[in-house]
Amino acid sequence: MVTTAPEPTATENPPRRRRNWRPWLLRLALAAGSGVVFYLAFAPRSLWWLAPIGFAGFAFALRGRRLWGGLGYGFAFGFAFYLPLLFWLQDFLGVQFGPWPWLGLSAALAAYLAVGAALCTLVARLPWSPVWMSMILIATETPRAWFPFGGFPWGRVAFSQSEGAFLPLASVGGAPLVGFAVVLTGFAVPSLVARLRRRNWRGSILPATGVVLPIVAGLALWPTIGTAAQTGSLTVATVQGNAPDVGIGLMEEQDTIRANHLAQSERLAQQVHSGAVPQPDLVVWPESVTELRGPDPALDATVADVGAPALIGTIYRAGAPGETQNSEVVWNPATGPGERYSKQELVPFSEYVPARAIAQWVTPFVNGFYDMTPGDAPAVLDVAGTKVTTPICYEIAYDYVARQGVQQGAQLIVLPTNTAWFGTSGMSQQQLAIARLRAVEHSRAVVVSATSGVSALVAPDGQILQSTSEFTAASLVGRVPLRDTTTLSDRLGAWTEYGQVGAALAAVLAGLVVRLRTRRAGAENTTRATGAG
């Protein structure tokens with residue numbers, strides 16, 4: 001009698017098929033490669049058009065993925081973007097300290113993009129899905145600027161657009177609108193390609209609009225970007241005294257930095273007296289180039305020699321015992337120091353150390369390091385008969401600092417900064433790119449005064465009028481327009497950002513509802529089919 005093995009029943013598990021690893025690996029490579037393309041759009045390169053291309057590649061990697069897939073591909077995109085963008089941290093800390101702060105910060109920031117990408121998968125089935133997905137990604141920039149330790153807004157999408165078609169949108173909706181336009185241009189591409197492949201010409205209209213409209217809108221706004229003086233103009237001089245290129249070793253070079261800037265101010269005064277350069281109305285020193293504990297006869301003499309009011313970047317220690325602030329002080333050539341602005345957004349692990357017991361593992365600043373005290377007043381000063389707003393260094397990346405100043409009547413933006421810590425890694429150019437975006441956003445000229453470069457005079461349309469090289473002693477003297485116009489971006493304030501965040505949250509909720517209904521309908525259909533069988 002011949003017996004045969006029974007055939008497997010429907011309830012038995014079939015043999016497990018080997019999963020094909022190639023599709024997800026290719027998607028992972030596409031996501032990471034797209035992050036690198038996005039990075040290449042940032043200064044010091046002028047490749048702004050690479051940003052939407054990078055997001056188009058990222059959108060292809062996310063297409064058809066579920067929540068966990070989106071999380072993984074989003075992290076790969078973000079990590080590949082932030083690693084090269086923030087490499088200046090290695091120039092700052094030096095190889096002897098290891099890569100962990102650089103890697104840790106890059107991973108933490110990539111996590112925000114990972115969460116955003118995961119949420120994008122929830123709205124992929126909604127009508128106009130590229131719009132909602134773009135809003136979600138830009139919405140992740142809001143908590144990133146808040147948490148943890150005051151946030152880290154460096155590397156926002158808009159900061160890649162210091163020139164090009166999208167830049168004029170800053171005058172309407174600031175950095176949030178510029179970033180949204182860039183991401184939408186890229187995220188609409190996969191939908192457009194899919195419909196064109198199916199020859200769905202009518203269905204191609206909406207994604208085609210998403211690709212084209214942001215660019216056209218930006219170009220159409222260019223003629224509205226004013227640069228003319230409205231309330232006069234000001235001859236401004238910057239003092240770039242230079243500093244040693246020693247990274248974290250600058251902690252021991254404060255006396256050298258002060259001496260260099262006193263010497264460069266003396267050279268500037270000689271040029272003014274000889275008629276080689278015009279008499280300035282305002283002189284701007286960089287951030288934290290001297291300590292201020294009380295009267296300073298050397299600074300009094302230097303400012304008096306140039307013969308113009310000055311904004312002096314100081315480490316201010318003249319207050320209560322233990323109180324140290326990063327401040328800009330108005331210095332009158334006749335009466336000496338006057339009003340000052342103190343930095344509100346201090347850099348964690350650099351200007352103050354949170355969670356010291358943990359921080360000692362990731363920062364060299366803990367032992368013997370004092371915490372600075374943040375300021376609590378808007379960045380507005382009256383100097384040279386002009387109201388100016390003075391975000392200090394890192395603060396230019398925060399929307400509210402310059403906006404508050406402009407809303408309180410500032411006619412000029414002054415950015416004192418000390419980027420000598422970061423070598424020639426590109427950090428200084430990245431910061432200058434942010435300043436150019438702020439110029440358009442607020443319709444104000446920007447004066448960048450850097451310790452070792454890049455110092456620059458920027459027109460209200462973001463164009464660089466003059467600039468210096470890095471790690472050289474130099475001064476810039478030029479005429480900048482004063483303006484009092486209020487852009488739509490200034491009038492809307494943070495509502496552009498909050499509106500996008502609200503719309504993104506609403507889209508996520510709608511996507512969850514659609515997904516639950518789809519699952520419920522699928523379960524009901526399965527039940528009916530089983531019953532019918």
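In the stretch 280-307, what residues are within 16 Å of Val447 (Cα to Cα) and out of contact with any helix residue (DSSP H, G or I) (no Cβ under 8 Å at 6 or more places or on another chain)?
Listed by number, the residues that qualify are Asp281, Leu282, Val284.
Here are Ala194, Ala170: which of them is within 20 Å of Gly493 (Cα to Cα), assigned by TED's automatic domain parsing to the domain that holds Leu105 and touching a Lys or Arg at 6+ places or on another chain (Cβ under 9 Å)?
Working: Ala194 fails: within 20 Å of Gly493 (Cα to Cα).
The unique qualifying residue is Ala170.
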Among the residues listed as Ala110, Ala175, Ala117, Ala145, the single one being in contact with a Pro (Cβ under 7 Å, 6 or more places away or on another chain) and in contact (Cβ under 8 Å) with a residue 12 or more places away in the chain: Ala145
Could you figure out which of (1) crowded, with 16+ Cβ neighbours inside 10 Å; (2) part of a helix (DSSP H, G or I); (3) at pLDDT 95 or above isn't true of Arg515? (3)
Residue hits (the stretch 36-59; among the small types (Gly, Ala, Ser), under 19 Å from Val178 (Cβ atoms) and crowded, with 18+ Cβ neighbours inside 10 Å) are Ala41, Ala43, Ala51, Gly54, Ala56, Ala59
With the checklist (1) modelled with pLDDT of 95 or more; (2) in a helix (DSSP H, G or I); (3) touching a helix residue (DSSP H, G or I) at 6+ places or on another chain (Cβ under 8 Å) in hand, flag the one item Ala29 doesn't pass. (3)
Condition met for Gly226 (under 26 Å from the mean Cα position of the chain (by Cα) and either part of a loop (DSSP other than H, G, I, E, B) or surrounded by 17 or more Cβ atoms within 10 Å (Cβ to Cβ) (or both)): yes
Could you list, in sequence order, the residues of the stretch 82-130 that are of a type outside the set (A, V, I, L, M, F, W, C), more than 30 Å from Leu213 (Cα to Cα) and surrounded by 21 or more Cβ atoms within 10 Å (Cβ to Cβ)? Ser106
From Arg444, Arg438, which residue is at pLDDT 95 or above, of a type in the set (Lys, Arg) and not in a loop (DSSP other than H, G, I, E, B)? Arg438
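Examine the stretch 121-131 for a residue that is assigned to a helix (DSSP H, G or I), without any contact (Cβ under 8 Å) to a residue 60 or more places away in the chain and not aromatic (Phe, Trp, Tyr), and state whether such a residue exists. Talk me through it step by step, then tell me what you get.
From the stretch 121-131, those assigned to a helix (DSSP H, G or I) are 129-131; that's our starting set.
Of the ones still in play, those that are also without any contact (Cβ under 8 Å) to a residue 60 or more places away in the chain are none.
No - not one qualifying residue is present in the stretch 121-131.
Being in a helix (DSSP H, G or I) and either in contact with a Ser or Thr (Cβ under 9 Å, 6 or more places away or on another chain) or over 16 Å from Thr238 (Cβ atoms) (or both) is true for just one of Ser449, Ser428. Which residue is that?
Details: Ser449 fails: in a helix (DSSP H, G or I).
Residue meeting the stated conditions: Ser428.
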Every residue in the stretch 199-223 that is touching a residue at least 12 places away in the same chain (Cβ under 8 Å) and either assigned to a loop (DSSP other than H, G, I, E, B) or touching a strand residue (DSSP E or B) at 6+ places or on another chain (Cβ under 6 Å) (or both), please. Ser204
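The values are calculated or read from the model by the stated rules, or taken from the named source; none is laboratory data. Bear in mind the structure is a predicted one, so any value in this text is a computation, not a measurement. Heads up, the Cβs are rebuilt from the backbone with ideal geometry, glycines too, and the neighbour counts pull from every protein chain shown.
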